[in-house]
Structure formats: C-alpha cells, structure tokens
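Enquirer: Below are the structure tokens for one structure; questions will follow.
The values are calculated or read from the model by the stated rules, or taken from the named source; none is laboratory data. Remember, it's a predicted structure, so these values are computed and weren't measured experimentally. Cβ placement follows ideal geometry from the backbone for every residue including glycine, while neighbour counts extend to all protein chains displayed.
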2 protein chains.
Amino acid sequence: MRYSKMFTKTRKEAPADSDSKNARFLAQAGFVQQLAAGVYSFLPLGLRTLRKIEAIVREEMDATGAQEITMPLLHPKALYDATGRWEKIDVLFKTEGSGSKEYALSSTAEEVITPLVQSFANSYKDFPVAVYQMRDKFRNEPRAKSGILRGREFLMKDLYSFHLTEEDFLAYYERMKEAYLNVYKRCGLDAIVAAASGGVFTEKHSHEFQVATEAGEDHIYIDRETGEAFNKEVIEEADHANEEKYEIKKAIEVGNIFPLECRFSHAFDFTVNSAEGKNIDVIMGCYGIGISRLMGSIVEVLADDDGMVWPKEVAPYHVHLVALGEDEMAQAESLYADLQDAGLEVLFDDRADASPGAKLKDADLIGCPVRILVSKKSLEAGGVEWKDRSSGESGIWDLGEAVERAAQMLVEENV
Amino acid sequence: MRYSKMFTKTRKEAPADSDSKNARFLAQAGFVQQLAAGVYSFLPLGLRTLRKIEAIVREEMDATGAQEITMPLLHPKALYDATGRWEKIDVLFKTEGSGSKEYALSSTAEEVITPLVQSFANSYKDFPVAVYQMRDKFRNEPRAKSGILRGREFLMKDLYSFHLTEEDFLAYYERMKEAYLNVYKRCGLDAIVAAASGGVFTEKHSHEFQVATEAGEDHIYIDRETGEAFNKEVIEEADHANEEKYEIKKAIEVGNIFPLECRFSHAFDFTVNSAEGKNIDVIMGCYGIGISRLMGSIVEVLADDDGMVWPKEVAPYHVHLVALGEDEMAQAESLYADLQDAGLEVLFDDRADASPGAKLKDADLIGCPVRILVSKKSLEAGGVEWKDRSSGESGIWDLGEAVERAAQMLVEENV
C-alpha cells in the first residue's frame, strides 16, 4: 500500500480525551476513530490488524473442531423470557420494531445458540458440538473507557460447546485453555490462566486469561508456592487475602471461559435420549475473546514511547518502506515491487511532501516489525537501512539482499 | 469437511412459512436458520457462501481503488440531527444507552462516513476518496419477507465516494457500474443496469442492478429500440407507460448506486480549498450491494426443483463427494484426501447411517458444482461417477483421473 494513497493520516496530537496508550496511539496513527464513547470505526490500518487477529482466533478455534457461524445481532425478547435475563443483564441495549416487537442487541448469544443447536442435535450421536461466531457485541457500559479495551460496541469471538458428560465437557474446556494460550502467544502476549468466580452459572471456577502489565485494571494473585493464579474476586470470596501468600500483579483480562453447566439447556428444555433411552442433560460451556479488546491489549503491553510495536502475525504490514529524497524514490519503487513479489506486505511511504523526520516518526508510531529506509546516506553506505521496531537494532543491507533479509528476519523474529 | 461432523443437517421438509425458493432451500439445506421475521443465522455452509460473495465484492471494490473500513453499528442521534434524517428514515431502529444517549442502528452510513472522511481530507490534494465497509444493516421493515431477500438485519456492502468535480464523480460512477457487473457475473448472474429515480438526493437518475427472473418483485422496462432499461418509478414519473415501447420483465434488484451530490457534505459543512484558495463543494456518491440479498438472489435465479445450483466461485464447496456402501468408503477416503491436496474444497458425505437416496438428494439440495459418487456400480464401471449439478451431465472417470478431471471441470465451467 502506498501511504500517499491511504485516505487516513497520522496526527501530531493525540485526541484530547485519550485515557490510555491504545486510545492515544491507535487514533494518532489512524488505526481507529472514535464515533462516541466506547464506539469506534476501524480504519484501513486498524482493520488489517483486527482481521489478522480474527484469522488467528479462527485458526485456533477451528483446530478444536469448532464450526463457525454468524448469529443475528437482533435477539427477540421471548428468548430472554425463557432464561430470565431480559432484566438481569443490566448492560442490554434494547430496541423496538414494527408490531411492538422488542429485541435486545446481542451482548452474548446463549439465548440464540442454545435453541439453534437444539434444533439440529437431537440424538446422543450428535454430540459434542462446538460452535462459534465473530460478531459485534453491544454492552451499555455506564462508563466506556480505555480506548478499544472497554467498548459499548466491540468485536468478540464467542464460542459455545455442548456435551453429554462432565468428562467430555472438561476435556474440551482444557483443550480451549490450550487454544487460548496459542492465540495470545501468536499475538505476542504471555497470558496467565487465573481462576475466577463462576458467577451466577456455576459453583465451579471459571477462568480468565490475564496479561500482566502496569496498564492493567485488574489484579491477579499468584500463589507463591504453587504458581496458581486467581482473580481478586476469588481471593476475596475465599477470604484468602493473605498478601504474603500471593504475588499480586496488575493485569489486563484478554479472554474468559465459563462452565455454564445446564443453566441454558434447562431453560430451553434441551435434553436428549441416550442409547438406552435415558434422558440426558446437555452440559454447556462458553468461551469469549474480545478481538478488538485483544488488539488494544497488544498496544498496551508492547507499545513504547514512540508508538506501537506489532508482532509480525498481527502487524498491518510486515515492512514499512520509507524513501527519503526524490532521487532515492526510484530505488524504493523497485524495492517496493520486489518485496511484494516475495510475498511481503509493504506499507510504502512514498509521500513527496513529508519531511524525513515526519516519515521516520510515523513509521515508529505505526509500528510495523521491519522498517527499511532508502536514503542518500544509506545508499552511500552501500544499500538500505533496516531497523527492527521491537529491538531497535538497525544496520545496512545490500540493495540486492534486502528482500531476502527482510523475509528472513520476519521468519526468525520470535515475537 | 466431513458431512458426519457438521452440526447442521438437511431437513426433509421446508419451514412451513417459506414464501420463496431461497427461504425454502437455504433453510432445508442448513445454510441459514430464521430467528425472527427477516432475521437469520448463517450456518457453516451458508457462511462459506456468504464469505465467498463478500470476497468477490471486496476484490472488485479494491480494484476501483476503494479502501475498506468498518464503521460502528450504533450511530449517535446528533449525526442525524445534522442531516434531518432521524425522523425521515422510517425504517430506523433506535435504542437508548446510559445517560439517555440515543442511537440509531445503522441502516446506511452517510451520517458516519461524511464527518469521518472530512476529518482526514482537508486539502484538494486528498481527493478523490472512496471508502467502503461490509457490515450488518438494520431496517425495521414493516413486512420482512422472501427469506434473505428482504431482511430486518442483513449484510451489505456500502461504499461512499468523494469528489471535487462532476467529471471525476461521473468517471468513478461509471467505473462502479463496471465493478458491479463483474460482481454479478462472477456470481453467475446477468444483471441489467436500469435507470431509477434519484429519490430525495438528486434530480439525476440513480441506477439499479436488476436480474430478470420470474421470481422477481420488481419490473423493469426495456426500451425496444435503444435497449435502455428503466425501473417502474421512472416510467411512471415520465408518464411513459407506453407498453408497446417497452419490453417489461420481472426482476430482482441486486444493487444500486446513487449520486448524492452535496446533500451530505453540505449538512456537515464539508468543503475544501482549491489550489487557488477557492472554496469547493464535495460531491458524493453511494453504492450498495446487499451481500446476503445477493446470495438469496442466486438461489432464486439458478435453483431448480431439486435444490440449489451454486456457481463455482460462490459454492460452499467445489466438490460434493458421496460414498455409498461400506466397502467403497476406503476408496472415497483416499479420494477425499487427494482432492483436498489438489486444492479443491470438498464436502464429503461419509455418513454410515444415511440411505443412498438421501445422500444423492442432499447433494442436489446443497448444490455444489460437481458431485462425485463412489459406489459399487461406479467401481464396476471403472471408477467414480461425476455429475455436473448445473447441466445435469454425468459420466464415469477413472479413479486415477478423478482429481485432475474435477479440477479441470471447475476451471472450464463457465458459470
């Protein structure tokens, strides 16, 4: 992509009300734009990163045998009457259609997925079933904040699993922990699995995935002896607030998984007959990752003072190619073509009217893993200057080697 | 994909209230499920086809130089106060959030895209700009009907273009006609460009893309002399209802494009300075394709009595592989692996408990372009039996040739 053709621009100043790194940098770099508190547009650079996170999550979910669908965002009220959640979910947005039909805007989708799976899975042979979607969710948060970390409208992967035995449920639940940890690793984050309260659904623990960072709003408690992690709620419930026993870390929650037991299957009379004709309860689990929240978390954890630092799998482009000076533009043009031919995704800053300083600042702000600079100085030094955005290391590559080296660097780089 | 693992199933009976081919076949085959009138879930098979149509539209829009973004579905009321459309759009769903903030659910996005582009395009050098999204739209239709043809919630590509001269606008408008016709062609449809009223936006014509079919609800009027097409509204407005002059055809509308002139840029005081410091008005166009509606239209136009007939670019799978009998399963298993290795997308009916009749019926219903049958009879005849879903032609391929032949057939097939 030629930077000169992109309709968004970086901004010198962050929005006045930015309350977090992700709100500041994502807006300044033109990845997102706020429309209202907690409500964001995703612009070309931001949408590329969002889609890459989506693709990682999709791959990891598919690998567990789950099947992707999309469910509507308009949920008829009658479904919530069955579960008693119309009044209980305090963040539900509601709307009314013709014929006075009332709908909730999807905040999760248990009320839709349960009868949907029920309509197909009517024999014990049809189990287990795992189904997910990546769809907007709406939550009327009294206080939307922290950029795309806590939105009123956000993109979420929600997966629901259906089982006939506790063992089968638990095996899938453990498999999902693994899948979640793979997702975070590929996004450049080290996540910790912390036990959390099961809420209204179960007396068992649910689990949160937390990334330790000073920017976090949550606290996790790590047992100094066993290494087990708990969220604050569990610690308080268990009255375990023995601070010597636990190491306390600030953290951001980047996902959670819940045992739902039979809370929703009972609400919809979803049972099946066993081979012996016995009535079996359907056991459910649900598993969420806020895709846009995860994108914001990557910024919070990895950004430095100059801007964002994207791991290669989620960077909007692999290489940020910068040409300084008119004479160097032809060299850069041909390198741009060669890098793309080699399968690399390149953001090419071909602006004629931007200063060298502005171009380099923008490259740091946008945060692609590799910056390649074609300048008079670099050509005199024998080629192009490369810089690793994450480590800050830099050097000179021969012009003839640059494509191969860039490709190699992206393979090797471990974040 | 193994059919035995798919959580959806075909149904013998269509939903009782199916009022159209697409409502009937898509539900029966497990592509979609209705949640409420005009509100549908897209199940694994249906989502694959929807995503393929999306990908075609994306390619064709990108080829015009347009850039993809996503805009929020929650639109603050204040934006509609600026354009006067809060009351004027009679199909707006509205909702209220904390602090009594009112939002409309996106029915289109002029109110969001205009100030968004305005915030970046502040020099004449920044034009033209073309931006699009593929997002859910919500319309509180008093009478949702015809399956996914006219929904209350549906997937739409909406593109907006911004220009400084009428010539530049018109050139892009014509370029979009071409892009739209490419989309329909790749989806197996012959679309006709029909002049339509400009509505409240302009005294010029807008244009609709219509596919002639007996299942259509619209009528288009084709001038017998010039070949020009008009919709009913234009004919009535012009009092041209001379039926001898026009050939009248029933048709489905599968897209439309509108000159917006300065209707929205004026509402947001969006002007820019020319090189000479003169104030220039920004001229806009908007361009819509209902992605889910287009999927329904393909069914209406191409389905036969036995089920759906998907063109290869939008079929959920290229090949529907059917194994009959236990002994033939091993041959089919190895063919399944080989077809996939060759890059073909295969739906493999590996069910042990379905009758041959049910399997063949399901293959016709689902409508993948090529069916390959491995049966005792086909093996005795020297290989596998192939069938072209569209033409109905069939024959025998040697087992060793089947992969190559299937791949070749998909390349050659012209729909």
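Enquirer: Can you name the number of the only condition in (1) in the same structural domain as A:GLY46 (by TED's automatic domain parsing); (2) assigned to a helix (DSSP H, G or I); (3) more than 18 Å from the chain's Cα centre (by Cα) that A:LEU339 fails?
Expert: Only one criterion is unmet by A:LEU339, namely (1).
Enquirer: Continuing with the same structure: Is it true that some residue in the stretch B:233-250 is modelled with pLDDT of 95 or more and surrounded by 20 or more Cβ atoms within 10 Å (Cβ to Cβ)?
Expert: no
Enquirer: Of all residues in the stretch B:1-28, how many are outside any helix (DSSP H, G or I), more than 13 Å from every other protein chain (Cβ to nearest Cβ) and of a type outside the set (D, E, K, R)?
Expert: The total comes to 4.
Enquirer: Continuing with this model, one more query. So in the stretch A:117-134, with the set limited to residues that are farther than 20 Å from A:THR165 by Cβ and in contact with a strand residue (DSSP E or B) (Cβ under 6 Å, 6 or more places away or on another chain), which one is nearest to the other protein chains (Cβ to nearest Cβ)?
Expert: Kept after step one, since they are farther than 20 Å from A:THR165 by Cβ, are these residues of the stretch A:117-134: A:119, A:132-134.
Filter once more, so that each one left must be in contact with a strand residue (DSSP E or B) (Cβ under 6 Å, 6 or more places away or on another chain): A:132-134.
Details: A:TYR132: 11, A:GLN133: 9, A:MET134: 11 Å.
Among residues in the stretch A:117-134 that are farther than 20 Å from A:THR165 by Cβ and in contact with a strand residue (DSSP E or B) (Cβ under 6 Å, 6 or more places away or on another chain), the one nearest to the other protein chains (Cβ to nearest Cβ) is A:GLN133.
Enquirer: Separate question: Just to be sure before I move on: is A:PHE138 at the interface with another protein chain (Cβ under 10 Å from one of its Cβ atoms) and without any contact (Cβ under 8 Å) to a residue 60 or more places away in the chain in the structure I sent? Full working, then the answer.
Expert: On the way: at the interface with another protein chain (Cβ under 10 Å from one of its Cβ atoms): yes; without any contact (Cβ under 8 Å) to a residue 60 or more places away in the chain: no.
The answer is no for A:PHE138.
Enquirer: Still on this structure: Of the residues A:GLY307, A:GLY290, only one is within 22 Å of A:VAL57 (Cα to Cα), outside the structural domain of A:ILE372 (by TED's automatic domain parsing) and at pLDDT 95 or above; which? Spell out how you get there, then give the answer.
Expert: Details: A:GLY307 fails: within 22 Å of A:VAL57 (Cα to Cα).
None of the others qualify; the one that does is A:GLY290.
Enquirer: Based on this model, can you work out whether B:GLU208 counts as within 26 Å of B:ILE89 (Cα to Cα), surrounded by 23 or more Cβ atoms within 10 Å (Cβ to Cβ), in contact (Cβ under 8 Å) with a residue 24 or more places away in the chain and of a type in the set (D, E, K, R)? Steps first, answer last, please.
Expert: Working: within 26 Å of B:ILE89 (Cα to Cα): yes; surrounded by 23 or more Cβ atoms within 10 Å (Cβ to Cβ): yes; in contact (Cβ under 8 Å) with a residue 24 or more places away in the chain: yes; of a type in the set (D, E, K, R): yes.
Yes.
Enquirer: Look at A:ALA109 and say whether it is modelled with pLDDT of 95 or more, in contact with a His (Cβ under 9 Å, 6 or more places away or on another chain), of a type in the set (A, V, I, L, M) and crowded, with 21+ Cβ neighbours inside 10 Å.
Expert: yes
Enquirer: Among (1) at positive phi; (2) without any contact (Cβ under 8 Å) to a residue 12 or more places away in the chain; (3) not small (Gly, Ala, Ser), which single condition is B:GLU261 missing?
Expert: (2)
Enquirer: Among the listed residues A:ASP304, A:ASP327, A:ASP341, identify the single one that is closer than 27 Å to A:GLU13 by Cβ and surrounded by fewer than 20 Cβ atoms within 10 Å (Cβ to Cβ).
Expert: Values: A:ASP327 fails: closer than 27 Å to A:GLU13 by Cβ; A:ASP341 fails: closer than 27 Å to A:GLU13 by Cβ.
Step by step, each of A:ASP304, A:ASP327, A:ASP341 is checked, and only A:ASP304 is closer than 27 Å to A:GLU13 by Cβ and surrounded by fewer than 20 Cβ atoms within 10 Å (Cβ to Cβ).
Enquirer: Something else about it: Within the stretch A:52-73, work out how many residues are surrounded by 19 or more Cβ atoms within 10 Å (Cβ to Cβ) and basic (Lys, Arg).
Expert: 1
Enquirer: A follow-up question, please. Within the stretch A:217-244, track down each residue that is in contact (Cβ under 8 Å) with a residue 40 or more places away in the chain and either assigned to a loop (DSSP other than H, G, I, E, B) or among the polar types (S, T, N, Q) (or both).
Expert: A:GLU217
Enquirer: Among (1) more than 10 Å from chain A (Cβ to nearest Cβ); (2) in contact (Cβ under 8 Å) with a residue 24 or more places away in the chain, which single condition is B:ALA109 missing?
Expert: All conditions pass for B:ALA109, except number (1).
Enquirer: Out of all the residues in the stretch B:52-68, is one or more in a strand (DSSP E or B), modelled with pLDDT of 95 or more and facing chain A (nearest Cβ under 9 Å)? Steps first, please.
Expert: Taking the stretch B:52-68 as the starting set, the residues that turn out to be in a strand (DSSP E or B) are B:67-68.
Imposing the further condition that a residue be modelled with pLDDT of 95 or more reduces the set to B:67-68.
Narrowing further to those that are facing chain A (nearest Cβ under 9 Å): B:67-68.
Yes: one or more hits.
Enquirer: Moving on. Taking the condition in contact with an Asp or Glu (Cβ under 9 Å, 6 or more places away or on another chain), at pLDDT 95 or above and under 27 Å from A:VAL272 (Cβ atoms), does A:LEU164 pass? Even if it seems obvious, please write down each step before you answer.
Expert: Working: in contact with an Asp or Glu (Cβ under 9 Å, 6 or more places away or on another chain): yes; at pLDDT 95 or above: yes; under 27 Å from A:VAL272 (Cβ atoms): yes.
Yes; evaluated as a whole, the condition is true for this residue.
Enquirer: Here's another thing I want to ask about it. Does A:GLU385 count as under 35 Å from the mean Cα position of the chain (by Cα), among the acidic types (Asp, Glu) and within 30 Å of A:ALA191 (Cα to Cα)?
Expert: Details: under 35 Å from the mean Cα position of the chain (by Cα): yes; among the acidic types (Asp, Glu): yes; within 30 Å of A:ALA191 (Cα to Cα): no.
No.
Enquirer: Look at B:ARG175 and say whether it is surrounded by fewer than 21 Cβ atoms within 10 Å (Cβ to Cβ) and more than 14 Å from chain A (Cβ to nearest Cβ).
Expert: Numbers: surrounded by fewer than 21 Cβ atoms within 10 Å (Cβ to Cβ): yes; more than 14 Å from chain A (Cβ to nearest Cβ): yes.
In short, yes.
Enquirer: Now, a different point. Can you find even one residue in the stretch B:29-41 that is buried (at least 18 other Cβ atoms within 10 Å of the Cβ) and either in a helix (DSSP H, G or I) or not assigned by TED's automatic domain parsing to the domain that holds B:GLY151 (or both)?
Expert: Looking for residues that are buried (at least 18 other Cβ atoms within 10 Å of the Cβ) and either in a helix (DSSP H, G or I) or not assigned by TED's automatic domain parsing to the domain that holds B:GLY151 (or both), one finds none in the stretch B:29-41, hence no.
Enquirer: Please pick out the residue among B:VAL322, B:VAL282 that is in contact with a Lys or Arg (Cβ under 9 Å, 6 or more places away or on another chain), modelled with pLDDT of 95 or more and not aromatic (Phe, Trp, Tyr). It would help to see each step written out before you state the result.
Expert: On the way: B:VAL282 fails: in contact with a Lys or Arg (Cβ under 9 Å, 6 or more places away or on another chain).
Answer to the selection: B:VAL322.
Enquirer: Can I ask one more? Can you pull out the strands (runs of 3 or more DSSP E) entirely within the stretch B:73-153 that have at least 3 residues that are farther than 30 Å from A:PRO142 by Cβ and either of a type in the set (A, V, I, L, M) or not assigned by TED's automatic domain parsing to the domain that holds B:GLY216 (or both)?
Expert: Hits in the stretch B:73-153: B:129-138.
Enquirer: Since B:SER146 meets every condition but one in (1) in contact (Cβ under 8 Å) with a residue 40 or more places away in the chain; (2) farther than 18 Å from B:ARG263 by Cα; (3) within 9 Å of another protein chain (Cβ to nearest Cβ), which condition does it not meet?
Expert: (3)
Enquirer: Let me ask you something else. For the condition in contact (Cβ under 8 Å) with a residue 24 or more places away in the chain, within 27 Å of A:ARG48 (Cβ to Cβ) and more than 8 Å from every other protein chain (Cβ to nearest Cβ), what is the one hit in B:LEU79, B:LEU92?
Expert: None of the other options fit; the residue is B:LEU79.
Enquirer: So A:GLN210 fits all but one of (1) within 14 Å of A:ARG293 (Cα to Cα); (2) part of a loop (DSSP other than H, G, I, E, B); what number is the exception?
Expert: Here A:GLN210 clears every test but (2).
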